[in-house]
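Some notes on the structure that comes next.
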Amino acid sequence: MKHALLAALIAAGFAAQAAETTTYKGLGADSVSADTLEKFRAKPLDSDLSRKVQGVLDLRAPGAGLLSPDAKSLYFGWRVTGVAQVWRIDGPQAFPVQMTGGEDATSIADITPDGKWLVLSRDRKGEENPGLYLQPARGGELQLIQHIPGVQTFFEFISDDGRYIYFRSNDESRDSYTVYRYDLQSKKKERLFGEKGYWSIIDHKPDGTLLAGKALSNVATEVWEWNPRDGKLKPIIGQAEKEEYDVRYGARDGELLVQTNKFGEFRRLYKWVAGKFEAISPELKWDVAGFGLDNPKSRLFYSVNEGGYTKTFALDAKTLKPIKLPEFQGADHVTVSGGTRDGSKIIVSVETATAPRTSYVLDWNNGKLTQWVLPSSPETDTSKFAVATLETYPTRDGAQIPMFVRRPAQCNPAPCPVVVHFHGGPEAQSDAGFSPYAQLFVDAGFIYVEPNVRGSDGYGKTWLNMDNGAKRLKVVTDIEDAAIHMKKAWSKNGIAPKIGVMGGSYGGYSSMAAMTMFSGSYDAGVSTVGISNLLTFLENTAPYRRALRVAEYGDPVADREALIKLSPITHIDKLKDPLLIIQGASDPRVPVGEAVQMYEAAQKKGVPSDLILFADEGHGAQKRENQVASIGHTLKFFERYLKPAK
């Protein structure tokens, strides 16, 4: 009885403290005053630091892209102008032609089968409310399909006859998606179905039959089939199971290809016929990370995530016999994408630790591999980049947490200060590969660490689900255990290294938790678009995200006590070390109020803290000038608080 009373009093205390710091309602730029945005505008950087960051942003490769139906042109995304835009090259290593421009991020979704039109997606100010447009394939003005303020419009596919563009939108209800098709001849849209839920189109048949997915969380999905003749949805796989399913129509009638971890610890690829599953991929201690078929359904491709490294395999879609793909020695990631509609060519992308991603076109007819787009690394010898090593650290309950570590060639004085970067998601995964961003910190003399704490993807479903809901209380200590290990194992001459913590989105939450819940473990923290209060976050995030986030973090009513305990702002009285908070005002995922309330609470504590707000950004900086400011101020912050005074 005494224990129950004590628990109730503690919970009441947490609730009262959380209530005191709940200072906002709503999300988006309209939820914060113009004076506040101006007050916390990013300050100019020192010219040398700005120049250094600018140089890093020039180390990049264009997106893998899409081949035109005749394989004579390649369309791809590139940020060379400072904002993501669409480009075209007319042959291997030809001079690129810019197709789109302006201040709004634009990407290519697909090309019509006749090669005459591009389907483009365009967003404004990082609001994540994109619209769909058409553009002539040789260039010209954009033609609107649908772009509604405050509404998301997502491309799904183009019908094989080239007449219809299928898309989904939350225009009828902000927390659900209606499926439409747009007639390229009449320029009119037709509503197909709009059941309650987070719907998307997974695959389709030539007769208009749709394979639809209904997301239950960030990972769990139900699969349904929509019949164009009667407009009804029929359940196929996963109804009420809350399991992971990624499904495509197979090469034979009545056959589905299914990626799932329902039958084991790791995701595996199966053939499904009449309700029976037959394994296609071998049983591995790694996940099948993704799969797809070419348009004629003659070849099946799947990739395997081997602890943060990617391998890709090809099979004959009907016989399931292996098809040999080119080999690339020393590659960290090899992926396949963007093939021609006739299946004769595919794009193979290769990434190493010491070079930007390189993309090739593989011609199945003659086996020839041709490099189309040249990656750029101006004024930099990327062969000297630090290669990430895969290491582990122990937790207090005996688990081993994998982490990728990049180290400077030497540290003077030793020990090197450390920057720990926690990924977002929280179901994401840090991996190996080319990272100019990480190299910026290595060049500055920091050991750069990327842990994959429990709850990360890529290590089996038990690991992935260990932080769901209130279970997060048991494993959130992985954040503190990283610092405990590094201070002990990486000390030199009895001196422990200074350690900083950073991350974006859930990684931003992790950073704020590190500085409050585990105060003293880290010497400085930077949170970018991070959650400070899980309750106010769930109350104010965009409606389309709320249900999916409740499935991950917990229910605001049933799990209220756990959400309060897990909120960094609940533990604000423990904050004692410097904290920098960076946030986009238009963010639809993590409301800007999360950043403002945490900064104000830190200021009341008298702890060194700063806040940067980008009035024209959302969930992370997209525009080059804002990227420079975000990265530069982060590096400057850690230089100040983790290194000895000069």
Next on the checklist: I want to confirm something. Restricting to region 105-120 and keeping residues that are free of Cβ contacts under 8 Å to residues at least 40 places away in the same chain and crowded, with 20+ Cβ neighbours inside 10 Å, which single residue is farthest from the chain's Cα centre (by Cα)?
Outcome noted: Leu120
Checklist entry - Are any residues in region 125-138 in contact with a strand residue (DSSP E or B) (Cβ under 7 Å, 6 or more places away or on another chain) and open to solvent by less than 60 Å² (accessible area, probe 1.4 Å), and if so, which ones? => result Gly126, Glu128, Pro130, Gly131, Leu132, Tyr133, Leu134, Gln135, Pro136, Ala137
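If the requirement is being open to solvent by 30 Å² or more (accessible area, probe 1.4 Å), among the hydroxyl-bearing types (Ser, Thr, Tyr) and under 24 Å from Leu256 (Cα atoms), which of these qualifies: Ser173, Ser217, Ser200, Ser186? It would help to see each step written out before you state the result.
Details: Ser173 fails: under 24 Å from Leu256 (Cα atoms); Ser217 fails: open to solvent by 30 Å² or more (accessible area, probe 1.4 Å); Ser186 fails: under 24 Å from Leu256 (Cα atoms).
Only one candidate qualifies: Ser200.
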Checklist entry - Here is a list of conditions, (1) touching an Asp or Glu at 6+ places or on another chain (Cβ under 9 Å); (2) surrounded by 19 or more Cβ atoms within 10 Å (Cβ to Cβ), and Lys234 meets all of them except one; can you say which number that is? => result (2)
Item to check | Matching residues, region 619-636, being out of contact with any helix residue (DSSP H, G or I) (no Cβ under 6 Å at 6 or more places or on another chain) and closer than 14 Å to Gly508 by Cβ | outcome: His619, Gly620, Ser630, Thr634
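In region 149-165, which residues are within 24 Å of the chain's Cα centre (by Cα) and either of a type in the set (Phe, Trp, Tyr) or closer than 23 Å to Leu27 by Cα (or both)? Talk me through it step by step, then tell me what you get.
Taking region 149-165 first, the residues within 24 Å of the chain's Cα centre (by Cα) are 149-157.
Pro149, Gly150, Val151, Gln152, Thr153, Phe154, Phe155, Phe157 - these are the residues of region 149-165 that are within 24 Å of the chain's Cα centre (by Cα) and either of a type in the set (Phe, Trp, Tyr) or closer than 23 Å to Leu27 by Cα (or both).
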Checklist entry - Looking at (1) open to solvent by 10 Å² or more (accessible area, probe 1.4 Å); (2) touching a residue at least 24 places away in the same chain (Cβ under 8 Å); (3) part of a helix (DSSP H, G or I), which is the only condition Ile569 fails? => result (1)
Checklist entry - Between a first residue in region 316-331 that is part of a loop (DSSP other than H, G, I, E, B) and a second residue that is small (Gly, Ala, Ser), which pairs have beta carbons less than 8 Å apart while being 6 or more apart in sequence or on different chains? => result Ala317/Gly250; Ala317/Ala251; Ala317/Ser298; Lys318/Ala251; Lys318/Ser298; Lys324/Ala314; Leu325/Ala314
Next on the checklist: I'd like to verify a number: residues in region 459-493 that are under 23 Å from the mean Cα position of the chain (by Cα), of a type in the set (Val, Ile, Thr) and crowded, with 17+ Cβ neighbours inside 10 Å, how many?
Outcome noted: 3
Next on the checklist: I'd like the full set of residues that are touching a strand residue (DSSP E or B) at 6+ places or on another chain (Cβ under 7 Å), small (Gly, Ala, Ser) and outside any helix (DSSP H, G or I), limited to region 442-499.
Outcome noted: Gly458
Checklist entry - How about region 349-385: which of its residues are touching a strand residue (DSSP E or B) at 6+ places or on another chain (Cβ under 9 Å), in a strand (DSSP E or B) and of a type outside the set (Ser, Thr, Tyr)? => result Val350, Glu351, Pro356, Arg357, Val361, Leu362, Asp363, Leu369, Gln371, Trp372, Val373
Next on the checklist: Any residue that is among the acidic types (Asp, Glu), in contact with a His (Cβ under 6 Å, 6 or more places away or on another chain) and either without any contact (Cβ under 8 Å) to a residue 24 or more places away in the chain or not in a helix (DSSP H, G or I) (or both) - is there at least one of those in region 604-622?
Outcome noted: no
Checklist entry - How many residues are open to solvent by less than 10 Å² (accessible area, probe 1.4 Å), touching a Gly at 6+ places or on another chain (Cβ under 8 Å) and in a helix (DSSP H, G or I) if we restrict to region 504-539? => result 10
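Would you pick out the residues in region 341-358 that are touching a Gly at 6+ places or on another chain (Cβ under 7 Å) and either open to solvent by 20 Å² or more (accessible area, probe 1.4 Å) or not hydrophobic (A, V, I, L, M, F, W, C) (or both)?
Step one: filter region 341-358 for residues touching a Gly at 6+ places or on another chain (Cβ under 7 Å), giving 345-347, 351-353.
Within region 341-358, Lys345, Glu351, Thr352 qualify.
The values are calculated or read from the model by the stated rules, or taken from the named source; none is laboratory data. Because the structure is predicted, anything quoted here is derived from the model rather than measured. No Cβ is skipped: glycine too gets one built from the backbone with ideal geometry, and neighbour counts run over all protein chains shown. Just so you know, the surface numbers come from the protein's heavy atoms only, side chains and all, with ligands and any DNA or RNA stripped out. Shrake-Rupley method; radii C 1.70, N 1.55, O 1.52, S 1.80 Å.
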